[in-house]
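J.: Okay, handing you the structure first.
The values are calculated or read from the model by the stated rules, or taken from the named source; none is laboratory data. Keep in mind it's a predicted model, so treat the numbers as computed, not measured. Using ideal geometry, Cβ is built from the backbone for each residue, glycine included, and neighbour counts are taken over all protein chains shown.
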Amino acid sequence: MRDFVIRSFALLLATAMIANAMNTDNNPLLAQWEGPYGGVPPFDRVQIALFKPALEAAMAEQLKEIEQITANPAAPNFENTIAALERGGRTLNRVATLYGVWGATMASPEYQAVQREMAPRLAAFDDQITQNEALFKRIEAVYNSPDKAKLNAEQQRVTWLRYTNFVRAGARLNADAKKRLSQINQQLAGLYTKFSQNVLAEETDQFLVLKSEDELAGLPQSLRDAAAAAAETKKQPGTWVIMNTRSSIDPFLTYSDRRDLREKAWRMFVNRGDNGGEHDNNAIITEILQLRAERAKLLGYPTHAHWRLENSMAKRPERAMQLMEAVWKPAVARVHEEVADMQALADKEAAKIKIEPWDYRYYMEKVRKAKYDLDQNEIKPYFQLEKLREGIFWVAGELFNFNFTPVTNVPVAHPDVRVWEVTDKTTKKHIGLWYFDPYARAGKRSGAWMNAYRVQERVNGEITTIVSNNSNFVKGKPGEPVLISWDDATTMFHEFGHALHGLNSNVTYPSVAGTAVARDYVEFPSQLLEHWLSTPEVLQRFALHYQTGKPIPQELINKITRSATFNQGFATVEYLSAALVDMKLHLAGDKKIDPDVFERETLAELGMPKEIVLRHRTPQFLHIFSSDSYSAGYYSYLWSDVLTADAFGAFVEGKGPYDRAVAERLRKYIFSVGNTVDPAEGYRAFRGRDPKIDALMKKRGFSPKS
Ligand SMILES: [Zn+2]
C-alpha cells in the first residue's frame, strides 16, 4: 500500500531520431560519473535544456552498441550476445537516472514539457530494440542452444529473462503487428504522462483555505503549523491551507471537528482527476484500457491482466483474485464492526449523524481512545524523524551488519537531500550510498518511494549501488525536530526495506540486481522491514521525546501493542477495493469502459461498505495509469504481505526479531539474490516451506471463516 519502487528505465528503452545529435559533445549528462565511490550522479550539472539532447545521444549510442552485437560474425553465445547486452546501455541508464529524479522530485512546467515530448520517443526506442529481428534471433539462439546447460544458474536465468521479455514484448510478431504494437506503446506513453501531470495539477492547484480559529477546531498544533506554512507557499497570508495531498488531507480528516469542512476536504481529495475540465482523467483511462486490451490480444493473451501476471509469482490473475477474495469477506465483516463501534460512539455523543466516509478517520480516533486509551498525538512527540532514521540504521546494523556514515562530498539534486555511505561494520568494505530526500516541495510527487540511481553488479568489475529514499514530510522550522506519525514511521521503515534490498544485492548481471524482481515479490522485503518499528529495541532507543529526551513509556508501548489489529478492517478494505477494481478493469478485455460507471458497479457487486472510499479512485490511480508497472498489479502488496507475515514468523519462532541466524538466511536467500532465482524457490530456501496465509490473517486480526 505504501508507495512504489521506481525502476530506473529497465535496460531496454527508447528511437529513430539520431539525426539531431548536435550539442552533445559537451553535454555533462552524458559523461561518466566522476568522484568518489566509483563515481556519483552529477546532480549539480543538470539543466533541464540538457535532458533532450542527452537522451537522444544516449539512445543513439545504445543503438550503435546493438548494431555491433548483431553485426558480430561469430555465432551467438552468452558472452557475445546476452552479456554484451548487459554491458550496454550505460550512458542511457545514467541519463535516465537524472531525468527520472527530476521527473519525480522537481517536475517544473519546463521539465513537464520535455517529458511530454520524450515519453513517446522513449517508448518507441524500447520497441526498436525488442523488435530488432537480428538481435532477437541471436538471443533465441543462445536460449535454445544446448550450451545453455553449461552456463551458471544466474547466466541461465538472465538468458531466460532476456528471451522471455523479448517474446512478451512482441519479438515474434509479424511486421504489421509490430508496427501497430509500437504505435500503441507510444500512444500509451503519452497518455501516462498526461494522466500523471493531470493528477499533479489537481494536487497543486486545489487546496482548502481555512480563515478563522473556528475553522481550525480540533486540529493539533503540528497540523496548524503545517497549514500556516502551506498558506505562505500558496500566497494566502493570514490563513491556513490544507493541501490536496494525502499527507495533508488524512490528518485533517482525523482531527477536524468541523464536519462540513471534513466533507469538503474529502470531496476535493477523492475527486482528483474527476472534475471535468482540462485535468479530467476519465477519457484518458478509457483510452488506456482500450489500448492495453488491444495490445494484449496482439501479443496473444486474453487480457492485459493475463499478460502482466505471466512472469509474476502469482502467474495467473485467478490466483491473485483467489487471495483477494479470501481476505475481502473477513475484512468487510470487520468494517461493519468498526462502523458499529463508531456509530455507537457518535450516538452516545448525541451527534445525530450517520457515519459517512468523511467521518471514518475522525470517529476511528475517538474509538481508539475509548477502547485502548490511546491517542495518536501521544505517540508523535516521541517520533522524531531524525531519531527514527538513526533507528533504521541501527536495525540495518543488527540484521545486515551495515554501518552508515554521513558524507558531504557528493552533489545533490536539492539542498534538502543528504547522503550516507554504507559500509560493512566488520570488514569496513564500501557497500553503497544512501540518499535521503525527506521533504515535500513543489513539483515533487506525493507519497514515498525508493529509487536506485545505480545498481550493484560485477559484469565489468565491481560496481556498488546507489539508492535513495524519498518522502513528503513537511519541513519543520529551523532547529526544530520534525515529528511524524506512527503511519509515517511505518512508511519510513518500508521504504528503507526497499533500500536494503538494493544495498544487499550480490549478483553479477545488472538486469537481475536488487529490486529488479517480480512485481508481487518486490514489496515483500519492504513490508517485512515494517515489523521492526514496533520492536522494543527500536522504540526504547529511538522513540525519544523531543523535549525531555526520555524514551516512550512502556505503558504507551503496551497500548500500541494491544491495539495492533485496530482498524485493520478499514485499512484492508480501503486498499483491497482498489486492488480489486484494478484487476477487474484489466480483466474486462476490450469492452469500452466508462471508469465512473465501472467503479460504481464493481463496488456495488463487491458489497463495498459505503462508509469507505477506494484508497485510489480510478481517475487518480497513479500506480496503474502512470505507467504499466503496477497495472493489474496493485494486488502485489497483499500477495507480498502473505510472505511478509509468514516470514516474520521465522524470527518469532526463532530467537526474536534480531535472531542473527534467521537474518543471515534472509540475506542469503531473499535480500542478496535479486532476480537470480525464482522467488518461490528463494522463499522456500529461507523458510523451509511454502508461505501460508494464516500469519497474514492473524496479523490483521481476521478470522478466516467469517
Ligand atoms: Zn513499497
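J.: Can you name the number of the only condition in (1) buried (at least 19 other Cβ atoms within 10 Å of the Cβ); (2) assigned to a helix (DSSP H, G or I) that residue 355 fails?
T.: Against the list (1) buried (at least 19 other Cβ atoms within 10 Å of the Cβ); (2) assigned to a helix (DSSP H, G or I), residue 355 comes up short only on (2).
J.: Considering only segment 147-155, I want to know if a residue exists there that is over 24 Å from the mean Cα position of the chain (by Cα) and farther than 20 Å from residue 675 by Cα. Outline the logic, then answer.
T.: In the first step, residues of segment 147-155 are kept if they are over 24 Å from the mean Cα position of the chain (by Cα); the result is 147-155.
Remaining after also requiring farther than 20 Å from residue 675 by Cα: 147.
The answer is yes; a qualifying residue exists.
Rundown of residues vs (1) within 26 Å of the chain's Cα centre (by Cα); (2) at pLDDT below 95; (3) more than 16 Å from the ligand (Cβ to nearest atom), yes/no style:
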{"position": "5", "(1), (2), (3)": "yes, yes, no"}
{"position": "24", "(1), (2), (3)": "no, yes, yes"}
{"position": "41", "(1), (2), (3)": "yes, no, yes"}
{"position": "56", "(1), (2), (3)": "no, no, yes"}
{"position": "60", "(1), (2), (3)": "no, no, yes"}
{"position": "64", "(1), (2), (3)": "no, no, yes"}
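J.: What helices (runs of 4 or more DSSP H) lie completely within segment 591-706 and have 2 or more residues being out of contact with any helix residue (DSSP H, G or I) (no Cβ under 7 Å at 6 or more places or on another chain)? Before you say what the answer is, go through the steps one by one.
T.: Working: elements: 595-606, 622-625, 636-653, 660-666, 679-687, 694-699.
Helices (runs of 4 or more DSSP H) meeting the threshold: 595-606, 636-653, 660-666, 679-687, 694-699.
J.: Given the conditions (1) among the small types (Gly, Ala, Ser); (2) more than 16 Å from the ligand (Cβ to nearest atom); (3) part of a helix (DSSP H, G or I), report the number of the one that residue 442 does not fulfil.
T.: Result: residue 442 passes all but (3).
J.: Quick one: which of 646, 582, 596, 641 is crowded, with 18+ Cβ neighbours inside 10 Å and farther than 30 Å from residue 685 by Cα?
T.: Working: 646 fails: farther than 30 Å from residue 685 by Cα; 596 fails: crowded, with 18+ Cβ neighbours inside 10 Å; 641 fails: farther than 30 Å from residue 685 by Cα.
Just one listed residue meets the conditions, 582.
J.: Moving on to the next point. Please go through segment 142-159 and pick out each residue that is surrounded by fewer than 14 Cβ atoms within 10 Å (Cβ to Cβ) and assigned to a helix (DSSP H, G or I).
T.: Those that are surrounded by fewer than 14 Cβ atoms within 10 Å (Cβ to Cβ) and assigned to a helix (DSSP H, G or I): 144, 146, 147, 149, 150, 153.
J.: Which pairs do you get when a residue that is under 14 Å from residue 679 (Cβ atoms), found in segment 509-529, comes within reach of a residue that is within 11 Å of the ligand (Cβ to nearest atom) and not in a helix (DSSP H, G or I), reach meaning Cβ atoms under 7 angstrom, with the pair 6+ apart or on two chains?
T.: 515/5; 519/630; 522/5; 522/515
J.: In segment 474-532, how many residues are among the acidic types (Asp, Glu) and more than 15 Å from the ligand (Cβ to nearest atom)?
T.: Here is the first cut: in segment 474-532, the residues among the acidic types (Asp, Glu) are 480, 487-488, 495, 520, 523, 530.
From what is left, the residues that are more than 15 Å from the ligand (Cβ to nearest atom) are 480.
The total comes to 1.
J.: I've got another one for you. Can you find a residue in segment 663-673 that is surrounded by 18 or more Cβ atoms within 10 Å (Cβ to Cβ), away from the ligand (no atom under 16 Å from the Cβ), under 30 Å from residue 303 (Cα atoms) and more than 19 Å from the chain's Cα centre (by Cα)?
T.: No, segment 663-673 has no match at all.
J.: Could you give every pair whose Cβ atoms fall below 7 Å, whose first residue belongs to segment 485-507 and is farther than 28 Å from residue 430 by Cβ and part of a helix (DSSP H, G or I), and whose second residue is within 11 Å of the ligand (Cβ to nearest atom) and modelled with pLDDT of 95 or more, counting only separations of at least 6 or pairs across chains?
T.: Here the result reads 490/530, each pair linking segment 485-507 to a residue that is within 11 Å of the ligand (Cβ to nearest atom) and modelled with pLDDT of 95 or more.
J.: Hey, residue 563 hits all of (1) modelled with pLDDT under 95; (2) among the small types (Gly, Ala, Ser); (3) over 30 Å from residue 484 (Cα atoms) but one; which does it fall short on?
T.: (3)
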